[in-house]
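The values are calculated or read from the model by the stated rules, or taken from the named source; none is laboratory data. Quantities reported herein were computed from a predicted structural model and do not represent experimental measurements. Ideal geometry is used to build each Cβ from the backbone, glycine not excepted, and the neighbour counts take in all protein chains shown.
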Amino acid sequence: MVVLVCFVGHDYQRIIDGVNHWRAREPLENIYLVYDRKRDKYGYASKLNAKDLSEVLAFAGQRPELVGVNPQSYEDVFASLYGILRREVDERGRRVLVDATSTTKEAYGAVVTVSLMFPNVSIYVVPPAERGWYVPEPDTPGFEEWFHRVRSVRGLMPQEIYLPGFRLERPSEDEERVLLALEMHGGKTDSIKTLIKWCNEDPNNPAIKNRYSRLIDRLVAKGILVEGPAAKTKPVHLTSFGLVLAKALKTYYGQGYETHTLSSAILPTLK
């Protein structure tokens with residue numbers, strides 16, 4: 001069962017589109033609508049949207065839960081979302097998807113930070129079908145005025161996005177080699193034997209097979225790889241996060257940074 005936490009700003013239809021996307025794929029247990037409680041024009045728009053969304057998104061006789069926050073306060077958003085995730089993930093064992101489509105940069109930073117503290121929590125955004133509709137075309141009279149006004153808006157004191165001291169563990173050199181080999185072959189392999197060949201090592205050597213088996217187990221535990229159903233051959237593929245990470249590694253080493261740290265068996269194919 002899935003719980004959705006939707007931040008509500010000036011967007012309306014895109015929030016509905018996101019909910020409908022997930023509702024068609026898996027059963028929903030609950031929906032939280034996190035709205036702007038401030039007494040200003042942004043809060044006014046957010047409250048109107050939250051009110052209408054609570055009616056449109058009602059299902060099985062149940063309305064979404066409304067949660068008011070100050071989206072310009074990192075601490076307030078952090079505390080509110082933390083409470084939701086503690087309740088839904090820790091106490092009820094549910095998977096949670098957080099819609100960060102319609103919120104502030106401060107709130108988005110809090111969403112990412114809190115979400116990394118809990119298992120089975122994902123973040124998504126719903127891109128607009130039409131981008132920049134509110135920006136005047138450069139060859140129209142209103143563009144210069146809009147451009148001057150936007151670029152001249154003054155800033156307040158920077159709001160640091162506080163992160164925990166613990167960081168995601170980066171892959172070891174051997175793990176990087178595995179990720180690069182998989183990325184260069186479509187992100188998946190039919191067996192550990194094939195993967196070992198791609199890394200230019202002997203797949204018939206028991207010690208090497210055991211080492212790669214342990215590497216795969218560690219990468220699976222980190223959420224970077226997923227194992228297939230055939231336990232004997234051990235097919236694996238990169239997760240969505242693993243694919244992004246592998247592409248980043250490929251770009252990094254392809255630019256020539258610290259190339260001496262990776263085996264030359266992999267690097268020539270990156271050029």
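Of the residues contained in the stretch 175-186, one or more are found to be loosely packed, with under 14 Cβ neighbours inside 10 Å, outside the structural domain of Pro71 (by TED's automatic domain parsing) and free of Cβ contacts under 8 Å to residues at least 60 places away in the same chain. Just a yes or no: is a residue in the stretch 149-163 under 17 Å from the mean Cα position of the chain (by Cα) and either surrounded by 10 or more Cβ atoms within 10 Å (Cβ to Cβ) or outside the structural domain of Tyr35 (by TED's automatic domain parsing) (or both)? Taking every residue of the stretch 149-163 in turn, at least one turns out to be under 17 Å from the mean Cα position of the chain (by Cα) and either surrounded by 10 or more Cβ atoms within 10 Å (Cβ to Cβ) or outside the structural domain of Tyr35 (by TED's automatic domain parsing) (or both). Residues that are aliphatic (A, V, I, L, M), in a helix (DSSP H, G or I) and more than 12 Å from Asn20 (Cα to Cα) within the stretch 48-63 comprise Leu48, Ala50, Leu53, listed in sequence order. Please verify whether the stretch 80-87 includes one or more residues that are in a loop (DSSP other than H, G, I, E, B) and either of a type in the set (A, V, I, L, M) or more than 18 Å from the chain's Cα centre (by Cα) (or both). No, the stretch 80-87 contains no residue that is in a loop (DSSP other than H, G, I, E, B) and either of a type in the set (A, V, I, L, M) or more than 18 Å from the chain's Cα centre (by Cα) (or both). Residues satisfying the criterion are present in the stretch 9-28 (criterion: among the acidic types (Asp, Glu) and part of a loop (DSSP other than H, G, I, E, B)). Leu182 satisfies every condition listed in (1) at pLDDT below 95; (2) touching a Lys or Arg at 6+ places or on another chain (Cβ under 7 Å) except (1).
Of all positions in the stretch 200-220, none carries a residue that is part of a loop (DSSP other than H, G, I, E, B) and within 27 Å of the chain's Cα centre (by Cα). Here Gln62 meets each of (1) closer than 22 Å to Val111 by Cα; (2) surrounded by fewer than 15 Cβ atoms within 10 Å (Cβ to Cβ); (3) of a type in the set (S, T, N, Q) with one exception, condition (1).
Somewhere in the stretch 95-116, is a residue within 26 Å of Tyr134 (Cβ to Cβ) and surrounded by fewer than 18 Cβ atoms within 10 Å (Cβ to Cβ)? Within the stretch 95-116 (the criterion being within 26 Å of Tyr134 (Cβ to Cβ) and surrounded by fewer than 18 Cβ atoms within 10 Å (Cβ to Cβ)), the answer is yes, since at least one residue qualifies.
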